[in-house]
Structure formats: structure tokens, C-alpha cells
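Peer 1: For reference, the structure I am asking about is given below.
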Amino acid sequence: MQDGRTQEYITQAEQDLLHTYNRYPIVFERGEGVYLYDQKGKKYLDFFSGIAVNALGYHYKDFDEALKGQIDKLLHISNYFYNEPAVLAAGKLKKAAGLDRVFFTNSGAEAVEGALKAARKYAYTRDGHTDHEIIAMNHSFHGRTMGALSVTGNPHYREAFEPLVGKIRFADMNHFESVLEQVSEKTCAVLFETVQGEGGIYPAEKEFMERIRALCEERDILLILDEIQCGMGRTGEMFAWQHYGVKPDIMACAKAIGGGVPVGAFLMTERVAEKSLGAGDHGTTYGGNPFACCAVSKMLDLFEENDIIGHVREVAPYLEKRLDELAAAFDCVKARRGLGLMQGLECNVPVGGIISRCLEKGLVLINAGSNILRFVPPLVITQENVDEMTEILWEALQSAVL
Ligand SMILES: *Cc1c(COP(=O)(O)O)cnc(C)c1O
């Protein structure tokens with residue numbers, strides 16, 4: 001039962017907000033560590049992180065202090081001028097990625113848009129004409145704006161909004177031949193998520209990555225990796241492609257890079273940048289603003305100071321072990337897959353009911369597709385948190401079976 005105040009908020013929200021989401025009936029009010037509290041003061045363990053955003057959990061003191069400090073100095077200035085946090089953030093992001101140039105955006109979708117524009121401009125400069133094609137993957141997710149939607153391999157998301165950006169071809173993730181079939185003289189880029197997120201937690205296979213990289217070298221095709229969900233330490237490397245020894249020409253990131261402050265970025269090598277977006281080709285009012293960049297800069301500092309990636313490498317195998325136990329114990333769980341603290345349990349039933357039962361028991365989980373439970377906790381979770389999660393999920397699965 002909802003108490004009066006919560007029900008009032010929900011009713012009001014449903015009147016005022018466009019109904020683009022079927023939300024769970026909870027109004028969250030604050031967070032502390034890896035726990036969330038709703039309006040009624042009920043405590044929840046968070047294995048969701050606001051969709052893989054809150055990498056350091058909630059109310060992380062040093063992070064909050066840095067943001068407060070920036071609020072007192074300067075929030076926004078536009079890209080007509082320079083600002084210090086943007087320079088600091090760009091330098092640290094470049095170093096973490098081993099890439100050469102950064103453009104800051106306000107969201108993941110915009111980072112993908114920018115990456116697509118950068119690839120097309122590169123091919124245009126090289127060839128002196130337009131009409132280039134981009135290969136994206138089935139079951140991919142790259143965002144909801146028209147450009148990002150054009151490369152999102154889910155016809156259900158695209159259908160009502162066509163025509164979208166043209167000259168996009170789709171292939172199958174981890175199926176090199178299917179990519180090869182789509183390659184033509186006009187191909188300028190291949191785009192995929194290093195670990196597919198919304199599509200059901202499918203990590204790229206090493207051989208696929210290597211063969212795509214070789215293909216790109218051979219044909220001067222740009223490899224664009226979407227690290228928006230899997231990047232920023234989640235898989236146990238700063239960026240998931242660093243597991244494979246395969247480097248993208250262009251990378252999109254967002255979600256956790258701002259630790260909850262809305263910010264994204266796309267990065268590229270100098271080789272691409274030289275032939276790509278120049279003065280007047282791309283822009284944004286907010287992108288790279290001092291507040292957002294202070295968040296990025298501080299996140300990267302805190303990752304280093306607290307060895308967040310080392311922690312992920314330590315705790316992720318334990319999460320895998322506990323999830324494997326669940327998979328072995330319940331017939332309704334078919335398989336576990338994932339990389340680091342980005343895991344999925346594929347079930348043979350829709351998982352909506354399981355998620356609702358977890359929420360009732362004080363655990364925030366989310367799905368990826370209708371049948372897959374997704375685990376994208378704050379990167380600072382401990383083994384005890386993993387045990388706590390497992391216990392709740394165990395009970396929820398048990399009552400699903402009954
Ligand atoms: C979330 C996500 C996006 C879109 O990011 P927004 O900030 O919602 O625009 C793009 N790609 C991937 C892989 C994502 O997970």
C-alpha cells in the first residue's frame with residue numbers, strides 16, 4: 001500500500017509528465033552509499049545505479065564537495081570561451097582512453113550523434129563526396145534522438161519515427177561474416193557497444209573485435225565503440241575495449257563519467273580528428289560546461305585515488321559466483337553472462353514480476369529486455385552487499401517458482 005503523500009506525487013506525475021515510461025510506484029528521496037531511501041523512509045539496496053550511472057553510489061563526500069565548490073565559482077559559460085574544469089576533464093579522459101581529442105556532450109545519445117557526424121565528415125574529407133554508409137548491430141541501443149535511433153537495432157523503437165538517418169545497415173553482433181556482408185565501397189564506420197546493454201548484456205567476443213579491427217584497417221573504415229554503459233570502470237577496465245587490446249577510432253561515453261551529473265563525450269584519435277569535425281561543424285551550448293566537467297574531472301581523480309577499478313576486479317568474480325549459484329539453483333534462470341560489474345541473468349520467464357518482488361523486499365534491480373535481469377550496481381559495492389542482494393533475489397525467485 002502507498003501512503004497518501006507518495007500516491008499524491010505519483011498521481012500528479014502521471015498528469016503532468018509525458019507518459020513515456022511505465023514507472024515503478026516508488027518516489028526516491030535520497031541516497032547514502034549503496035542504499036536508496038524512498039519518501040516513506042524505506043531502505044533499498046541499489047543494484048541499478050540509475051542505469052549504470054552512479055558509479056560511486058550516493059552522497060560520496062569528496063565528489064559532492066567538489067561539485068559544491070564549483071557551484072560557488074561558475075556553472076556555465078558556453079564554448080565561446082575556455083574554462084578550467086573542461087581542460088582538466090578532457091586531459092584526464094584522454095589519458096584514461098589513450099585517445100587524442102574530446103568533445104563533451106550532455107547525454108549519451110548526443111555523444112553517439114557526434115560520433116556519427118565525425119565519421120561521416122572524415123569520409124567526406126577523404127573522398128570528396130557524401131553518401132557513406134554505417135554498419136550497426138541488431139539488438140543494439142544507442143539512444144533516442146533521431147540519429148542515435150537510426151543506428152539502434154531494435155525495429156520496435158524505430159518504426160514510428162521513420163524516415164530516420166539513411167545509409168545505415170545492420171549486422172549481427174559477434175558474427176563477423178554478417179558484418180562483412182554489409183560492407184561496401186561506401187562503408188565509413190562500424191559501430192557497436194563493446195558490451196551490449198539494453199539488448200541483453202552481450203559482451204563482444206575477442207575474435208569478433210580483432211577481426212573487425214583488421215577489417216577496419218584494411219578498408220579505412222572507422223571503428224566506433226559505444227562505451228556509454230560498459231565504460232568507466234564497470235567491466236574491470238576503464239573502458240571495456242581495453243580487455244581486448246582493440247582500440248576504437250572513435251568512442252562514445254556518458255552515464256557514469258559524470259557520476260550523476262548529466263554529461264557525455266565522444267573521443268577520437270588525432271588521425272580521425274585531422275580530417276573530421278572542424279570549426280563550425282559541430283557545437284553545443286551546454287556541452288563541456290564547468291559544472292559537468294568538474295564532475296568528470298573529479299570522478300576520474302576519485303577512480304584513481306581509490307583504485308575503483310582494482311575494487312571492481314576484486315568484487316566482480318564474487319558477484320559472478322553468487323549469480324552462478326542462483327542460475328544453478330533455479331530452473332527459471334537459464335544463464336549468466338557479462339563482464340565485471342555488468343551482468344545479466346537470462347530467465348525463461350518475463351522478469352517484471354521478479355523485479356517488483358525485489359523492490360518490495362528492498363532491492364533495486366532492472367531488466368534488459370523482457371527476460372533478462374540486469375546487475376549494474378555502484379562500483380563501490382562490497383561482498384556483503386552481494387550477499388545481501390543474493391539473499392533477496394533468492395527469496396524473490398523462490399516465490400516466482402511457487
Ligand atoms: C544509455 C545508453 C545510451 C543513451 O544515453 P542517453 O544519455 O540516455 O542519451 C546510448 N548507448 C548506450 C549503450 C546506452 O546504454
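Peer 1: State whether the residues of the range 147-160 include one that is assigned to a helix (DSSP H, G or I), touching a helix residue (DSSP H, G or I) at 6+ places or on another chain (Cβ under 8 Å) and among the basic types (Lys, Arg).
Peer 2: Within the range 147-160 (the criterion being assigned to a helix (DSSP H, G or I), touching a helix residue (DSSP H, G or I) at 6+ places or on another chain (Cβ under 8 Å) and among the basic types (Lys, Arg)), the answer is yes, since at least one residue qualifies.
Peer 1: If you scan the range 120-155, which residues turn out to be open to solvent by less than 10 Å² (accessible area, probe 1.4 Å), among the hydrophobic types (A, V, I, L, M, F, W, C) and either more than 21 Å from SER178 (Cα to Cα) or within 16 Å of the ligand (Cβ to nearest atom) (or both)?
Peer 2: Within the range 120-155, ALA123, ILE134, ALA136, MET137, ALA148, LEU149, VAL151 qualify.
Listed here are the residues, each with its yes/no results for (1) touching a Leu at 6+ places or on another chain (Cβ under 9 Å); (2) basic (Lys, Arg); (3) within 16 Å of the ligand (Cβ to nearest atom); (4) at pLDDT below 95.
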| site | (1), (2), (3), (4) |
| --- | --- |
| PHE28 | yes, no, no, no |
| LEU36 | yes, no, no, no |
| ASP46 | yes, no, no, no |
| SER49 | yes, no, yes, no |
| VAL53 | no, no, yes, no |
| ASP64 | no, no, no, no |
| LEU67 | no, no, no, no |
| GLN70 | no, no, no, no |
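Peer 1: While we're on this one: Restricting to the range 179-208, what's the tally of residues that are over 13 Å from ILE135 (Cα atoms), surrounded by 16 or more Cβ atoms within 10 Å (Cβ to Cβ) and away from the ligand (no atom under 16 Å from the Cβ)?
Peer 2: 1
Peer 1: Please enumerate the residues belonging to the range 156-165 that are open to solvent by less than 70 Å² (accessible area, probe 1.4 Å) and either of a type outside the set (Ser, Thr, Tyr) or within 11 Å of the ligand (Cβ to nearest atom) (or both).
Peer 2: ARG158, LEU164, VAL165
Peer 1: All but one of (1) at positive phi; (2) touching a residue at least 60 places away in the same chain (Cβ under 8 Å) hold for VAL272, so report the exception by its number.
Peer 2: Answer for VAL272: the failing condition is (1).
Peer 1: Counting residues that are of a type in the set (Asp, Glu), which helices (runs of 4 or more DSSP H) fully inside the range 1-120 reach at least 3?
Peer 2: 4-16, 61-71
Peer 1: Which residue out of GLY236, GLY231 is within 16 Å of the ligand (Cβ to nearest atom), more than 20 Å from ILE168 (Cα to Cα) and under 16 Å from the mean Cα position of the chain (by Cα)?
Peer 2: GLY231
Peer 1: Now for a different question. State whether the residues of the range 91-106 include one that is within 16 Å of the ligand (Cβ to nearest atom) and free of Cβ contacts under 8 Å to residues at least 60 places away in the same chain.
Peer 2: Checked against the condition, which is being within 16 Å of the ligand (Cβ to nearest atom) and free of Cβ contacts under 8 Å to residues at least 60 places away in the same chain, the range 91-106 yields no hits at all.
Peer 1: A further question follows. Among GLY260, GLY264, which is among the small types (Gly, Ala, Ser) and either open to solvent by less than 10 Å² (accessible area, probe 1.4 Å) or without any contact (Cβ under 8 Å) to a residue 24 or more places away in the chain (or both)?
Peer 2: Result of the check over GLY260, GLY264: GLY264.
Peer 1: Further, regarding this structure: Under 9 Å between Cβ atoms, at least 6 apart or on separate chains: pull out the pairs that start in the range 176-204 with a residue that is without any contact (Cβ under 8 Å) to a residue 24 or more places away in the chain and end on any residue that is open to solvent by less than 10 Å² (accessible area, probe 1.4 Å) and more than 12 Å from the ligand (Cβ to nearest atom).
Peer 2: GLU177/ALA171; SER178/ALA171; GLU181/ALA171
Peer 1: Which of the residues belonging to the range 239-266 are within 11 Å of the ligand (Cβ to nearest atom), among the aliphatic types (A, V, I, L, M) and farther than 14 Å from PHE103 by Cβ?
Peer 2: The answer is ALA240, ALA256.
Peer 1: Looking at the range 212-225, which of its residues are within 16 Å of the ligand (Cβ to nearest atom) and either over 15 Å from LEU267 (Cα atoms) or open to solvent by 10 Å² or more (accessible area, probe 1.4 Å) (or both)?
Peer 2: Those that are within 16 Å of the ligand (Cβ to nearest atom) and either over 15 Å from LEU267 (Cα atoms) or open to solvent by 10 Å² or more (accessible area, probe 1.4 Å) (or both): none in the range 212-225.
Peer 1: Restrict the check to the range 171-178 and report whether at least one residue is open to solvent by less than 10 Å² (accessible area, probe 1.4 Å) and assigned to a strand (DSSP E or B).
Peer 2: Scanning the range 171-178 turns up at least one residue that is open to solvent by less than 10 Å² (accessible area, probe 1.4 Å) and assigned to a strand (DSSP E or B).
Peer 1: Which ones in the range 267-285 are touching a helix residue (DSSP H, G or I) at 6+ places or on another chain (Cβ under 7 Å), open to solvent by 50 Å² or more (accessible area, probe 1.4 Å) and either within 16 Å of the ligand (Cβ to nearest atom) or over 19 Å from PHE81 (Cα atoms) (or both)?
Peer 2: LYS275
Peer 1: Which pairs turn up if I take residues in the range 233-251 that are farther than 20 Å from GLY108 by Cβ and look for partners that are of a type in the set (Gly, Ala, Ser) and surrounded by fewer than 19 Cβ atoms within 10 Å (Cβ to Cβ) with beta carbon separation below 8 Å, at least 6 apart in sequence or on another chain?
Peer 2: Hits for this filter: LYS247/GLY98.
The values are calculated or read from the model by the stated rules, or taken from the named source; none is laboratory data. Keep in mind that what you see is a predicted model, and the values were worked out from it rather than measured. FYI the Cβ positions are ideal-geometry reconstructions off the backbone, even for glycines, and counts take in every protein chain you see. With ligands, DNA and RNA removed, areas are computed over all heavy atoms of the protein, side chains included. Shrake-Rupley method; radii C 1.70, N 1.55, O 1.52, S 1.80 Å.
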